[in-house]
1. Can you name the residue in the range 142-164 that is at pLDDT 90 or above, surrounded by 15 or more Cβ atoms within 10 Å (Cβ to Cβ) and of a type outside the set (Lys, Arg) and, of all such residues, is nearest to residue 125 (Cα to Cα)?
2. Within the range 30-60, track down each residue that is in contact (Cβ under 8 Å) with a residue 40 or more places away in the chain, surrounded by fewer than 17 Cβ atoms within 10 Å (Cβ to Cβ) and of a type in the set (A, V, I, L, M, F, W, C).
3. How about the range 53-67: which of its residues are part of a helix (DSSP H, G or I) and of a type in the set (A, V, I, L, M)?
4. Considering the range 77-105 alone, what residues qualify as being farther than 16 Å from residue 18 by Cβ and out of contact with any helix residue (DSSP H, G or I) (no Cβ under 9 Å at 6 or more places or on another chain)?
Amino acid sequence: MDLKGSIDGLTGIILAGGTSQRMGEDKAFLRGGVARLADELRKAGCIRVIVMCGAKERIELFDEECIIDSHDDLASSIKTVLNGLKGEVQLVPCDAVLADSSFLSSITGVPIDEHGERQHLMARIALPLPEIDSKKVSDLFDYLPSCEGGIKASNVNTPDELKGI
């Protein structure tokens, strides 16, 4: 995996690995999708934005620097990318349709959504990542403190959820 050089500072990683059966469309394009999130990450102080795009054929969908998933499970792919970076990383899933720069700037760990659930895919991580042997994303970031997230930490998985926010 070529990360084109590691940069100290805040790096934004947008998780946009594939289409969604339940959503019925590619979540990477919901409400401005990856392009909007990349702009919000830059406004939040990211000096670099990377899209984890899943498969090679998805690279052409995005204007940002793309990395294909290197493993069959998301946790291992994220861990590989994080181990190639320095500084701090802000994760954001492509279906975080309410995430904006002020919210992203306020994250100090793993945000808790309006339902009281930790949203591990929106974690702010200071690197290096500790050695954690797991194929679950939640296990990778369990050591991080929770922080306020509210409705802006929500993600959408169905058309009804999208209509509800």
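The values are calculated or read from the model by the stated rules, or taken from the named source; none is laboratory data. What you see is a predicted model, and the numbers here were worked out from it, not measured in a lab. For neighbour counting, all protein chains shown are included, and Cβ atoms are generated from backbone atoms with ideal geometry for every residue, glycine included.
1. 144
2. 47 - this is the single residue of the range 30-60 that is in contact (Cβ under 8 Å) with a residue 40 or more places away in the chain, surrounded by fewer than 17 Cβ atoms within 10 Å (Cβ to Cβ) and of a type in the set (A, V, I, L, M, F, W, C).
3. Residues satisfying the conditions are 59, 61.
4. 80, 81, 83, 84, 85, 86, 87, 88
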